[in-house]
Amino acid sequence: RTEEDADCNEWVEAIQQASYSDLIIEREVLMQKYIHLVQITETEKVAANQLRTQLEDQDTEIERLKAEIVVLNKTEERMLPYQSNPEEEDPDIKKIKKVQSFMRGWLCRRKWKIIVQDYICSPHAESMRKRNQIVFNMVEAETEYVLQLSILVNCFLRPLRMAASSKKPPITHDDVSSIFLNSETIMFLHEIFHQGLKARIANWPTLVLADLFDILLPMLNIYQEFVRNHQYSLQVLANCKQNRDFDKLLKQYEANAACEDRMLETFLTYPMFQIPRYIITLHELLAHTPHEHVERKSLEFAKSKLEELSKMMHDEVSDTENIRKNLAIERMIVEGCDILLDTSQTFVRQGSLIQLPSVEKGKLSKVRLGSLSLRKEAERQCFLFTKHFLICTRTSGGKLHLLKGGRLSLIECALIEELDANNAAGQGFNRLEFKIVVEPADGPSFAVVLLAPSRQEKAAWTSDMSQCIDNIRCNGLMTSVFEDNSKVTVPHMIKSDARLHKDDVDICFSKTLNSCKVPQIRYASVERLLERLTDLRFLSIDFLNTFLHTYRIFTTAAVVMDKLSDIYKKPFTSIPVRLECQSPDSSRCAVSPASAFAIATAAAGHSRFTNPEKSYDKEFLIRRAATNRVLNVLRHWVSKHSQDFEMNAELTTAVIALLEEVLRDSDLLPQERKAAANILRWRTCYLYGPILTNHTSMEIECFESLSAMELAEQITLLDHIVFWNIPYEEFLGQGWMKTDKNERTPYIMKTSQHFNNMSNLVASQIMAPADVSSRATSIEKWLAVADICRCLNNYNGVLEITSALNRSAIYRLKKTWAKVCKQTKALMDRLQKIVSSEGRFKNLRETLKNCNPPCVPYLGMYLTDLAFIEEGTPNFTEEGLVNFSKMRMISHIIREIRQFQQAPYRIDLQPKVTQFLLDKTLVMDEDTLYELSLKIEPRLPPAN
């Protein structure tokens, strides 16, 4: 209670204006200032100690100089009697001395001026100027980065924490923690670092930065957690956005003027690039720092530590990428799938196959099969992992439903690649079907017959599936054979071989295990990589895919073929570790790892190797193991990388010669003979895309006479043909960014040219009509075409059309856009949001994860990813070892591209439509379009 009403009103008003959140924010600001003051105080203490030491040194120096002056004075006093009186000196002598003194001063000043000018023009001075400029740029970049982190924390993190504590929270505290991770800690760290940088700049031109990096380096490990969970945080954010209340609240936060129209995902991405930015800055700084500079060693140490941290972060991303992929698929399956929670379950491939019904005696009528291939309900979304094969159906909403009996354990499966001729499944389907026979331990056996859309895709599926089955059988049978014969288990055998897990001068391993439970290779020499490729004990499918995708970077096809030929002809050279005979009976030897592999690969259909009482011919078994390995690698190489053989006649000849030599082996097992014959047949069964030709004899169709559906289908078909024809080797080495890009990557450049031509055609057709209504109608029709392309999963076509509409020549036509209906404008906004480059094409990547092939992605997105990998890490280490972790990341991107390349569209080519789309006479260049735009709607005169 107050004495006066005025005081009461003032208290009430003050209480109303105050809030707990403001007090909390003020407290946090004060805490930050306190931390900064403590840091500044510590810095000042260090500076004071340094100054105190300098003062003591200077006092000592002063005393020394005083002693010297005393000695000099005594010497001068002794010499004075012998000197003449200066007053008696001749006036002319005085003038001469004065002139001499003036000349000496002039010469000295002139000499120093020349020295200064020479230094200013010297390389050292230029290097120092560049060094200082790099430091100034670093301070500016750090200031900007701290501001970005401050916006992330103050405009998003803290408000969302408060929202999570409300009565009706739009988001939980766990989701907030998952989205933002340790971004607040990162902000505090860089605020301290930024304050130190500014303090150093205050002492310019004396710039000492090494001690700052010494303080920063131990704390940068917090970035590992952020990078490792970054993808997961974006997935959590995407799931939270499905809540309308949260989405509305987030848009309100993003509308803050400080955000400058940037989304939350953009701010979450900034920390991902900070470590590489520091490495680039230090690299430039060292380039302009002399070798004798006091900071040289400290900066080199900081750069090496940051590079180690960057490599660890790359490995973290690579190691968790497969887990994230499995979790993404598991979340898409409505019923869930617990086998995908196994961290050793490695994703191999996915795609669309048609499941054929199994009936009595395996016979189906031609009519039944012909109609079934076109029925949507027979289409299955299949996922192959190293241990399981999943068969699902996809709903219209993108969710997956696991079929009853659709979870197949590969250890219980047998693959039949070529069905018998009397099987009706082989009639009318060009031998595109294959069968999986499942024999579960707790139930009756059954078969699944699947139909691939092309022979190339069938070869890819059967090759990967047979490799996975072989790996599982190899591991299981090797274990049983060692337990029965030599009492040495497979894990112990691998563990005892240090070459498989211990770093050496020519190899370095990561902590992650591959599909064969062996540590993945991080760096290795070419010889060690070839040794792993031909190691008869195991063959990891992920290693094989990575090797065949990227071997061109560090070796040649001829070297690989020579190694395979040597292994076949001299199989004993491919056994790094072999157990010696320990039995007194020399006819019965302890089975070596290579022998175990031979049993694993050959015992499936031959009982002669499964009898434990049978004495094994060690040489015969190792030869069979070597033959299986060579055929396995060749089958993958020929079926999945056929372009290598199309472009290299010598390689094709070498493969044929080796296979013919294998077929002449009298001891060849039946399944080996069949495998060699299949490889020869696959070699002559390449799938070529249709050739694009202009049918000049046909009458040219006009835009108005073609329907949106016809245009969208033919655009999709043309885009996929151009996309399909890109050979995978063009994705290596950033050839599309070189000066000779047309010679090194002709198909990528053709894809880019096709994209530009289609975009120019769309813009030209919109600008062609003279009246406003026709142009507006043309815009609406092209957007309808783009929407149909989206339904056909042709996101390249969507971007072709939307980029044309965003050209300045069309975007500035205000009168035309005013005639376009609101629904069409809303459709354009949705399409642009899907293919937006915001957040490294975040929305497009999420869409591609959930789409069902066939699909045409935007190639530029993958080229950006490959360029980022190529520029961020070298192909070889300083010791000359191959950076196989980088090869693994490149291979992952190429595999995703080829997954979309190998799924063809079932669209018939319509020459009348393609002739219109490929007619270059209808296309106007950029300058012509803009001139026409100015004629249609001239610029408004400037307002007075």
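Overview of values
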quantity: Test: LEU306 is more than 25 Å from TYR905 (Cβ to Cβ), modelled with pLDDT of 75 or more, within 27 Å of the chain's Cα centre (by Cα) and open to solvent by less than 10 Å² (accessible area, probe 1.4 Å); calculated: yes
quantity: Residue in segment 49-57 that is among the basic types (Lys, Arg) and at pLDDT 85 or above present; calculated: yes
quantity: Where ILE40 falls short, out of the listed (1) loosely packed, with under 10 Cβ neighbours inside 10 Å; (2) at pLDDT 80 or above; (3) within 30 Å of HIS283 (Cα to Cα); calculated: (1)
quantity: Pairs, first free of Cβ contacts under 8 Å to residues at least 60 places away in the same chain in segment 714-731, second hydroxyl-bearing (Ser, Thr, Tyr) and in a helix (DSSP H, G or I), C-beta under 6 Å, six or more apart; calculated: VAL722/THR751; ASN725/TYR747; GLU730/TYR747
quantity: Members of segment 265-304 found to be touching a Leu at 6+ places or on another chain (Cβ under 7 Å) and over 22 Å from PHE868 (Cβ atoms), listed by number; calculated: LEU285, LEU286, THR289, GLU295, LEU299, GLU300, ALA302
quantity: Pairs with Cβ under 8 Å, 6+ apart, first in segment 541-554 and of a type in the set (Ser, Thr, Tyr), second surrounded by 20 or more Cβ atoms within 10 Å (Cβ to Cβ) and not in a helix (DSSP H, G or I); calculated: THR550/LEU732
quantity: Filter result for SER836 (more than 30 Å from PRO453 (Cα to Cα), surrounded by fewer than 16 Cβ atoms within 10 Å (Cβ to Cβ), touching a helix residue (DSSP H, G or I) at 6+ places or on another chain (Cβ under 9 Å) and not hydrophobic (A, V, I, L, M, F, W, C)); calculated: yes
quantity: Count of segment 901-939 residues which are modelled with pLDDT of 85 or more, among the basic types (Lys, Arg) and surrounded by fewer than 13 Cβ atoms within 10 Å (Cβ to Cβ); calculated: 1
quantity: Unique match (being under 15 Å from the mean Cα position of the chain (by Cα), under 29 Å from HIS549 (Cα atoms) and free of Cβ contacts under 8 Å to residues at least 12 places away in the same chain) among PHE841, PHE884, PHE868; calculated: PHE868
quantity: Index of the failed condition, PRO854 passing every other in (1) open to solvent by 40 Å² or more (accessible area, probe 1.4 Å); (2) assigned to a loop (DSSP other than H, G, I, E, B); (3) in contact (Cβ under 8 Å) with a residue 12 or more places away in the chain; (4) within 18 Å of ILE721 (Cα to Cα); calculated: (1)
quantity: Any helices (runs of 4 or more DSSP H) falling wholly within segment 861-944 and containing at least 2 residues that are in contact with a Lys or Arg (Cβ under 8 Å, 6 or more places away or on another chain) and not small (Gly, Ala, Ser); calculated: 884-901, 926-936
quantity: Selection from segment 43-63 of residues that are in contact with a helix residue (DSSP H, G or I) (Cβ under 8 Å, 6 or more places away or on another chain) and open to solvent by 80 Å² or more (accessible area, probe 1.4 Å); calculated: none
quantity: Residue list for segment 217-262, filter: at pLDDT 85 or above, buried (at least 16 other Cβ atoms within 10 Å of the Cβ) and among the hydrophobic types (A, V, I, L, M, F, W, C); calculated: PHE246, LEU249, LEU250, CYS259
quantity: Any pair with Cβ under 8 angstrom, 6 or more apart, that starts in segment 163-179 at a residue that is in contact (Cβ under 8 Å) with a residue 60 or more places away in the chain and of a type in the set (Gly, Ala, Ser) and ends at one that is part of a loop (DSSP other than H, G, I, E, B) and buried (at least 18 other Cβ atoms within 10 Å of the Cβ); calculated: ALA163/PRO170; ALA163/ILE171
quantity: Within segment 428-466, tally of residues that are closer than 13 Å to LEU408 by Cβ and in a helix (DSSP H, G or I); calculated: 1
quantity: Sole exception among (1) surrounded by fewer than 20 Cβ atoms within 10 Å (Cβ to Cβ); (2) modelled with pLDDT of 70 or more for VAL448, by number; calculated: (1)
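For (1) more than 19 Å from GLU937 (Cα to Cα); (2) surrounded by fewer than 16 Cβ atoms within 10 Å (Cβ to Cβ); (3) over 22 Å from the mean Cα position of the chain (by Cα), each residue gets a yes or a no:
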| position | (1), (2), (3) |
| --- | --- |
| GLU729 | yes, no, no |
| ASN742 | yes, yes, yes |
| MET749 | yes, no, no |
| GLU780 | yes, no, yes |
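Every residue, every condition in (1) among the aliphatic types (A, V, I, L, M); (2) without any contact (Cβ under 8 Å) to a residue 24 or more places away in the chain; (3) part of a helix (DSSP H, G or I), yes or no:
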position: TRP736; (1), (2), (3): no, no, yes
position: GLU743; (1), (2), (3): no, yes, yes
position: SER759; (1), (2), (3): no, no, yes
position: THR777; (1), (2), (3): no, yes, yes
position: ALA786; (1), (2), (3): yes, no, yes
position: CYS789; (1), (2), (3): no, no, yes
position: ALA809; (1), (2), (3): yes, no, yes
position: THR816; (1), (2), (3): no, no, yes
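The values are calculated or read from the model by the stated rules, or taken from the named source; none is laboratory data. From a predicted model like this one, the values you see are computed outputs, not experimental measurements. Note that we place each Cβ from the backbone using ideal geometry, even for glycine, and neighbour counts take in every protein chain shown. Areas reflect the complete protein model, heavy atoms only, side chains present, ligands, DNA and RNA absent. Shrake-Rupley method; radii C 1.70, N 1.55, O 1.52, S 1.80 Å.
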